[in-house]
Amino acid sequence: MAWKDQQAFIEALEKANELVRIKTYVNPHLEIAEITDRISKSGGGGKALLFENTGYDFPVLMNAYGSERRMCMALGVSDLDETAREIEDLFKLIAAPKESMLDKLKLLPKLGAFASWMPAVKKGRGACQEVVMEQPDMTKIPVITCWPKDGGPFVTLPVIHTKDPHTQSRNVGMYRMQIFGPTLTGMHWHKHKVSAKHFSEYKKMGKKMPV
């Protein structure tokens with residue numbers, strides 16, 4: 001099943017006794033990370049943690065996918081290994097030589113199942129666009145500082161979208177982003193990464209790269 005939004009998943013976790021709400025103030029600077037690290041390393045991955053008092057207008061959800069049970073809940077399956085086998089069998093079937101029209105017709109039910117895994121495309125404005133910040137300020141978000149010697153708060157798994165300036169081919173990657181100020185981040189990527197190559201091309205052209 002597909003979850004409508006993160007809130008729906010949080011409600012499901014709570015009903016399944018897989019969530020702990022923490023109402024006491026916990027500092028996003030080191031404290032949230034330390035508590036999460038300790039809980040996630042406990043038996044079975046511990047519980048998901050919802051820090052409701054962060055000193056910001058936003059709560060922080062941690063360890064949401066830190067156990068096999070919660071991963072199964074997120075994916076809407078009962079067993080991760082079974083799901084992996086289904087995917088493996090499908091790719092083996094697709095890659096196998098097709099000697100007759102009958103062989104090709106046998107693929108149709110599997111392809112239908114494969115198509116159902118694809119996310120539905122919806123038009124219009126999403127609920128995430130209901131609140132608009134006219135002057136974007138990343139320091140208003142409780143971004144975590146994980147380690148004492150980190151350079152500062154980092155967005156650990158952001159989804160970074162870039163486009164090749166010549167071919168217009170797109171890339172989506174996850175690169176740690178260090179928060180330097182309200183509208184300034186440092187992108188941490190390796191030279192061999194696709195987005196880094198995109199940046200190199202923009203740099204040669206003397207242009208800023210849209211991100």
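The values are calculated or read from the model by the stated rules, or taken from the named source; none is laboratory data. Please read all numbers here as calculations on a predicted model, not as lab measurements. Here Cβ is always computed from backbone atoms with ideal geometry, including for glycine, and neighbour counts include all displayed protein chains.
Residues in the stretch 52-87 that are polar (S, T, N, Q) and in a loop (DSSP other than H, G, I, E, B) were compared, and the one that is surrounded by the most Cβ atoms within 10 Å (Cβ to Cβ) is Asn63. Give the residues of the stretch 172-186 that are assigned to a loop (DSSP other than H, G, I, E, B) and without any contact (Cβ under 8 Å) to a residue 40 or more places away in the chain, sorted by residue number. Passing the criteria: Met174, Tyr175. Criterion applied to Asn27, Asn17 was being exposed (fewer than 14 other Cβ atoms within 10 Å of the Cβ) and either more than 30 Å from Val131 (Cα to Cα) or in contact (Cβ under 8 Å) with a residue 12 or more places away in the chain (or both), and the one residue passing it is Asn17. Return yes or no: is Ala64 of a type in the set (A, V, I, L, M) and farther than 25 Å from Pro148 by Cα? The answer is no for Ala64.
Ser169 passes every criterion in (1) among the hydroxyl-bearing types (Ser, Thr, Tyr); (2) exposed (fewer than 15 other Cβ atoms within 10 Å of the Cβ); (3) within 25 Å of Phe58 (Cβ to Cβ) apart from (3).
Going by the structure shown, is Leu49 under 21 Å from the mean Cα position of the chain (by Cα), among the hydrophobic types (A, V, I, L, M, F, W, C) and either surrounded by 10 or more Cβ atoms within 10 Å (Cβ to Cβ) or part of a loop (DSSP other than H, G, I, E, B) (or both)? Yes; evaluated as a whole, the condition is true for this residue. Scanning the stretch 167-177 for any residue that is under 30 Å from Glu201 (Cβ atoms) and touching a Leu at 6+ places or on another chain (Cβ under 7 Å) turns up at least one such residue. Evaluate the following for Ala2: is it assigned to a loop (DSSP other than H, G, I, E, B) and touching a Leu at 6+ places or on another chain (Cβ under 8 Å)? So Ala2 does not fit the description; no.
Would you check if Leu90 is at pLDDT below 85 and either in contact with a Cys (Cβ under 8 Å, 6 or more places away or on another chain) or surrounded by 15 or more Cβ atoms within 10 Å (Cβ to Cβ) (or both)?
Working: at pLDDT below 85: yes; either in contact with a Cys (Cβ under 8 Å, 6 or more places away or on another chain) or surrounded by 15 or more Cβ atoms within 10 Å (Cβ to Cβ) (or both): yes.
Against the criterion (at pLDDT below 85 and either in contact with a Cys (Cβ under 8 Å, 6 or more places away or on another chain) or surrounded by 15 or more Cβ atoms within 10 Å (Cβ to Cβ) (or both)), Leu90 qualifies.
Filtering the stretch 42-76 to residues that are polar (S, T, N, Q) and either over 17 Å from Ala12 (Cβ atoms) or not assigned by TED's automatic domain parsing to the domain that holds Glu18 (or both) leaves Ser42, Asn53, Thr54.
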